[in-house]
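In what follows, a single structure is set out as structure tokens and then discussed.
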Amino acid sequence: MLRQLWHHQALRHARLQLASRDQEIVREQITVSEIAAPTGEENERAQWVAQRFETLQLAEVRIDAAGNVIGRRRGTTDGPPVLVCAHLDTVFPRQTRVSVARQGNRLAGPGIGDNGRGVAAMLAIATALDGETLATERPVDFIGTTGEEGAGDLRGAKHLFAHEGREAAAAVILDGAGDERIVHRALASRRYRLTFQGPGGHSWTAFGVPNAVHAAAVATARLARVVLPTTPRTTLSVGRIGGGISVNSIPDRAWLEVDVRSASGAVIARLDREVRDAATAGAMEENARRALGATPLTYAVEVIGERPGGETPADHPLVLAAMEATRLIGRSPELAIASTDANIPISLGIPAVAIGAGGRGGDAHTPGEWFENTEGTLGLSRALGVVVNAAGLVV
């Protein structure tokens, strides 16, 4: 189906337009990347995207209760829309310098690829899909989502698909660079915070009271020894740990944060017991060492993040169209599993894929993140083809 549409005059013209605007799209990518957007603080970038939506004359432009920016390109029917999403947030804290530098053909700067490229691509597709020269049967909603990274726990996507996105016909997620990978399987994850609380005291005079950091260390060591299956691939890591107020104090509080991921929800459920047992062991071992009469440690295990898993079948028309679009730009499609905004619609039974937005990138989530616009318009053409195929080209 997509192969037939690919050379239709309207879609061909739109692809040529994307190519002619290549440098303009990259400039927009730089601009949005230089607007700080730490997870939970996306408002400035959201306002900028909303203004661009207005300029592009999208309908019903608004910012919802989760901070998502939404605009619609109306279709010729009022059927369920196709959603095109790109997350606004980055992993970098507010104080990070987010300026973008040119190093030959390479752009370097925090978030230039993840997800400056995705946001710029979303705007480029909204420009090409103007509703006149290129129009679709279904409406197409463009959404800049919040809280995709880290502790954001897919906050924007969860809100979107619990409300107006719940009746979506399909969702295409634009995330980072690349033009071959097609994420159609949602990697499930669960994140925990383990907290230990005790009386604390001076390292000399109060010695014998239980040490919260020691308990956290015991729990961490136990988690490091958990045997994980190789099939399905599963990971468990302690990502952060902290506690105490000074080197000569017995800490009254300590904590650690744990990330568990697996292609199997059942494995994550099993590892939930391991995480809780590690917390119990940490507290029990430290309490067993305390002096007679010393107040024991208490502990708590809190789930601080939950990303559901699932799959859009490889033979679903949306996935087949994404594979065909990849071949049409001369690339080889790679089906993949990852954790993205697509987790939410996939878990709800809404067909969804996450794809790159063209070009090449690397060192994501580091200050040295980079992007090279190597045949970047091919990835944009691929994404446009997938969206138009899902929404139905008006011929």
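The values are calculated or read from the model by the stated rules, or taken from the named source; none is laboratory data. Small disclaimer: the values here were computed from a predicted structure and weren't measured. We place every Cβ from the backbone using ideal geometry, glycine too, and count neighbours over all the protein chains shown.
Search segment 228-254 for residues being within 25 Å of the chain's Cα centre (by Cα) and in a strand (DSSP E or B), and hand back the single one that is farthest from residue 279 (Cα to Cα). Outline the logic, then answer.
In the first step, residues of segment 228-254 are kept if they are within 25 Å of the chain's Cα centre (by Cα); the result is 228-241.
Filter again for in a strand (DSSP E or B), leaving 234-241.
On the way: 234: 20, 235: 18, 236: 15, 237: 14, 238: 13, 239: 15, 240: 15, 241: 13 Å.
The selected residue is 234.
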Task: Among (1) among the small types (Gly, Ala, Ser); (2) touching a helix residue (DSSP H, G or I) at 6+ places or on another chain (Cβ under 6 Å); (3) farther than 19 Å from residue 143 by Cα, the one test that residue 385 misses - done: (3)
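Just for segment 25-46: of the residues that are surrounded by 13 or more Cβ atoms within 10 Å (Cβ to Cβ) and over 20 Å from the mean Cα position of the chain (by Cα), which one is farthest from residue 395 (Cα to Cα)? Show your work before the answer.
Narrowing segment 25-46 to residues surrounded by 13 or more Cβ atoms within 10 Å (Cβ to Cβ): 25-26, 28-43, 45-46.
Right, trim to over 20 Å from the mean Cα position of the chain (by Cα) and you get 25-26, 28, 31.
On the way: 25: 27, 26: 30, 28: 31, 31: 35 Å.
Restricting to residues being surrounded by 13 or more Cβ atoms within 10 Å (Cβ to Cβ) and over 20 Å from the mean Cα position of the chain (by Cα), the top hit is 31.
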Open item on the list: Looking at residue 291 and the list (1) touching a Ser or Thr at 6+ places or on another chain (Cβ under 9 Å); (2) assigned to a loop (DSSP other than H, G, I, E, B), which single condition is not satisfied?
Closed with: (1)
TODO: Please specify each residue of segment 120-156 satisfying the condition of being out of contact with any His (no Cβ under 8 Å at 6 or more places or on another chain), part of a helix (DSSP H, G or I) and on the phi < 0 side of the Ramachandran plot.
DONE: 120, 121, 122, 123, 124, 125, 126, 127, 128, 151, 152, 155
Task: Failed condition for residue 330, given (1) surrounded by 16 or more Cβ atoms within 10 Å (Cβ to Cβ); (2) outside the structural domain of residue 267 (by TED's automatic domain parsing); (3) farther than 22 Å from residue 187 by Cβ - done: (1)
TODO: May I ask you to say which residue of 39, 55, 31 is polar (S, T, N, Q) and either closer than 21 Å to residue 358 by Cα or at pLDDT below 95 (or both)?
DONE: 31
Task: Any chance residue 308 is surrounded by fewer than 22 Cβ atoms within 10 Å (Cβ to Cβ) and closer than 27 Å to residue 191 by Cα - done: yes
- [ ] Among the residues of segment 66-90, count how many are of a type in the set (Gly, Ala, Ser) and under 19 Å from the mean Cα position of the chain (by Cα).
- [x] 3
- [ ] Test residue 29 against the criterion of being in the same structural domain as residue 144 (by TED's automatic domain parsing), part of a helix (DSSP H, G or I) and either of a type in the set (Asp, Glu) or closer than 20 Å to residue 70 by Cα (or both), and give yes or no.
- [x] yes
Open item on the list: So the check is Cβ under 7 Å with 6+ separation or different chains; which pairs have a first residue in segment 372-383 that's assigned by TED's automatic domain parsing to the domain that holds residue 327 and modelled with pLDDT of 95 or more and a second one that's part of a loop (DSSP other than H, G, I, E, B) and not small (Gly, Ala, Ser)?
Closed with: 372/105; 378/179; 378/329; 379/179; 381/329; 382/179; 382/329
Task: Qualifying positions in segment 156-212 - touching a strand residue (DSSP E or B) at 6+ places or on another chain (Cβ under 8 Å), under 30 Å from residue 311 (Cα atoms) and either without any contact (Cβ under 8 Å) to a residue 12 or more places away in the chain or among the polar types (S, T, N, Q) (or both) - done: 189
